[in-house]
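The values are calculated or read from the model by the stated rules, or taken from the named source; none is laboratory data. Computed from a predicted structure; not experimentally measured. Positions of Cβ are generated from backbone atoms using ideal geometry, with glycine treated the same way; all protein chains shown enter the neighbour counts. Only protein heavy atoms, including side chains, enter the accessible area calculation; ligands, DNA and RNA are left aside. Shrake-Rupley method; radii C 1.70, N 1.55, O 1.52, S 1.80 Å.
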Amino acid sequence: MSPVADDRSARHSVLANALRAADLVNVLSRPGPDPALLAETGRVLRAYGESEPLGLSGADLPGLREAAAALRPVFAAADTGTAARALNALLAARTGPLRLSAHGGTSPWHPHVDADDDAPWAEWFLASSCLALAVLLWDRGRAPGGVCASAACEDVFVPQGAQERRYCSRRCATRERVAAHRRAAASSPLSRRASRPGP
């Protein structure tokens, strides 16, 4: 593999890990019964390449929920400096030293900041997310995520283009545009005249 391909693969991996972090924060922040939450968490992990058996159980959920809550301020940071300070605090207090792992030869060498390859799910989730978000911030020179600006949504997201993004999805952006259009139409002088009774 060429160095350029290696670099692209590493960038894809960092972005994939950041996207996984956002998806897990969203899933783990929602209320709901533990069996449904466990199933949805497993679905997200599988979608991002975690292999079976996951070994995920209801006992993992409190730690995973707490990790998701700890990561939310990184996504909610209004600027790069605030995001960096939030990540620095998590890296200092909640992760181990940087180490390299190939998972016993089953993957290419890559960095980890969790205690070991068999760390509990919550520790792995927090550590791998912090590492991915830190590298993304470093690479892009801007805050690595955001929180949806829609009043009806609290999901976090990772922007993937050069343009600034306010919404987590097209659906939320469209819903807000439609609502703004309806508000504007309802408050226009023309619509007020049309709604008045005749003379």
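What distance in nm separates the simple spin-label points at LEU56 and ALA115, each placed 7 Å from Cα in the Cβ direction?
Modelled inter-label distance: 2.1 nm.
Quick one: compute a quarter of the convex hull surface over the Cα atoms of region 64-146 and quote it in nm².
Reported value for the Cα convex hull: 5.4 nm².
Sort 128-141, 49-62 for me by packing, meaning the mean count of neighbouring Cβ atoms within 10 Å per residue, highest on top.
128-141, 49-62
Could you work out the relative contact order of region 30-117, using alpha carbon pairs under 8 angstrom and six or more residues apart, expressed as a whole percent?
Across region 30-117, relative contact order equals 16 percent.
Counting Lys and Arg as +1 and Asp and Glu as -1, what is the net charge of the other residues whose Cβ lies under 13 Å from the Cβ of ALA119?
Summing Lys/Arg as +1 and Asp/Glu as -1 gives -4.
Compute the relative contact order of the chain as a whole-number percentage, counting only Cα pairs closer than 8 Å that sit 6 or more residues apart in sequence.
Relative contact order comes out at 21 percent.
Are there cysteines in the chain with no other Cys C-beta under 4.7 Å, and if so, which?
Within the chain, the cysteines lacking a partner Cβ under 4.7 Å are CYS130, CYS172.
Leaving out ligands and nucleic acids, and using a 1.4 Å probe, what accessible area per residue does the chain come to in Å²?
60 Å²
Relative to the compact-globule scaling 2.2 N^0.38 Å, provide the ratio for the alpha-carbon radius of gyration of the chain.
1.27
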